1. Would you calculate the separation in nanometres between label points at residue 42 and residue 125, each defined as 7 Å from the Cα along the Cα-to-beta-carbon direction?
2. Sticking with the crude label model, points 7 Å out along Cα→Cβ, report the distance from residue 26 to residue 90 in nm, one decimal please.
3. Neighbouring Cβ atoms within 10 Å as the yardstick, rank 39, 9 fewest first.
4. Set the Förster radius R0 to 41 Å, insert the Cβ-Cβ distance between residue 35 and residue 134 as r into 1/(1 + (r/R0)^6), and round the FRET efficiency to 0.05.
5. Quote to one decimal, in nm, the extra length available between residue 63 and residue 83 on full extension: 0.36 nm per residue of separation minus the C-alpha distance between them.
6. Take 116, 152 and order them by how many other Cβ atoms sit within 10 Å, fewest up front.
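Each value in this text was obtained by applying a stated rule to the coordinates, not by laboratory testing. What you see is a predicted model; the values in this text were computed from it and never measured. When we count neighbours, we look across all protein chains shown, and the Cβ atoms used for this are built from the backbone with ideal geometry, even at glycine.
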């Protein structure tokens, strides 16, 4: 039976919030830079609603974090070079080149290339209200299986129009493609430095 004054057990998000609140503003900001928007939002809510945390709970969170760090290995250190070398040895430089780009460089892509790393459902939700020509251009930048999966998730009345436009797509002028990339990456020529 729980005692009425016993502290409530913290869940994972709450423990992360306690840890970030304990780090201080600049260190917490550095951690948050490496997280996705949804994770930051969850943590922000948890941090804002945190109250009644006991000293014992904070110490337990710190001990758990310290223990987790002790259990970590250096397995991920230098992984990029390892992956690159293994893939080149396995597939040869030509075949491995594009795969290496997708694996290693895909983490830092912007614009339309970002879509290659998104879930088909997320892409479909993103383009659902766009003009069919825009949808066709977006899907033409994806691998065929990824584009097909995304197309299946669009409304039926839109699919035929998009397919017709993909089939009749001519090359896109580079300036148009650059403008599309800027708008998808959230920056405009005036705001770029």
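1. About 1.4 nm, to one decimal.
2. The modelled label-to-label distance comes out at 4.2 nm.
3. Working: 39 13, 9 10.
The order, fewest Cβ neighbours first, is 9, 39.
4. Details: r = 30 Å, r/R0 = 0.72.
E between residue 35 and residue 134, to the nearest 0.05, is 0.85.
5. Values: separation 20, 0.36 × 20 = 7.20 nm, distance 3.34 nm.
My answer for the length gained is 3.9 nm.
6. Numbers: 116 14, 152 11.
Ranked by crowding around the Cβ, least crowded first: 152, 116.
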